[in-house]
């Protein structure tokens, strides 16, 4: 049975798509999200966000979701006698904290490789510059390790066939965000391809933010009161130790 809120959302999307289909007679592509805010609460376990839109005719749809850019330090461990320790590291800059691509069919079937590189479509095409002086082979190894780690954390991925097209005009896809998704402003890029070229593109912003008590504690711990937060935690830990000691002495 469909809940009233879900039913209302379905009706809203259907009405929007009908209007978008009419509008798409004049413009090649229109797209939007069912929700522009993902609220992370204490019990957040991940969520899907519906993206929908319309085109003025047949074409291929590619959706790229980019999270806030940051720098990433990739370390390699080597064995020194009986122990393993960090031996070397490379710092990559402008790394998307989250990156996902969805399309109606494999990209290599309709997008030239040069265009993928120039638009940074696909995880392998994302530029991650580094100021470290290393050989190209070594940088490639560290980059591959970073990409593998992001994929294992479910923060990077490519989903072929996840974009559903209806009547060669309407389309939809579900964008998945895991429980460990970073907060910030995301850019959802929607591309319409025809004959191997980009006919039109839309960029829709999405905000992922912590809310509630968990957000207040996070802000308190990482803001200008970080030092005070540390002192409070030390006091709480000391108090917990004293209470435990007193209880066990009585026992």
Distance in nm between residue 154 and residue 211 label points, each 7 Å along Cα→Cβ, equals 2.2
For residue 73 and residue 50, what is the calculated FRET efficiency with R₀ set at 41 Å and r taken between the beta-carbons, to the nearest 0.05? 0.70
Taking 202, 136 and counting other beta carbon atoms within 10 angstrom, the fewest-first order is 136, 202
Contour minus Cα-Cα span, residue 144 to residue 37, at 0.36 nm per residue, comes to 35.4 nm
So if we plug the beta-carbon distance of residue 114 and residue 135 into 1/(1 + (r/R0)^6) with R0 = 25 Å, what FRET efficiency do we get, rounded to 0.05? 0.50
Would you mind ranking 103, 97 so that the residue whose beta carbon has the fewest other beta carbons within 10 Å leads the list? 97, 103
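Taken together, the values in this text are just the output of simple stated rules run on the coordinates, not laboratory data. Note that the structure is predicted; figures quoted are calculated from it, not measured. As a convention, Cβ positions derive from the backbone with ideal geometry for all residues, glycine included, and neighbour counts pool all protein chains shown.
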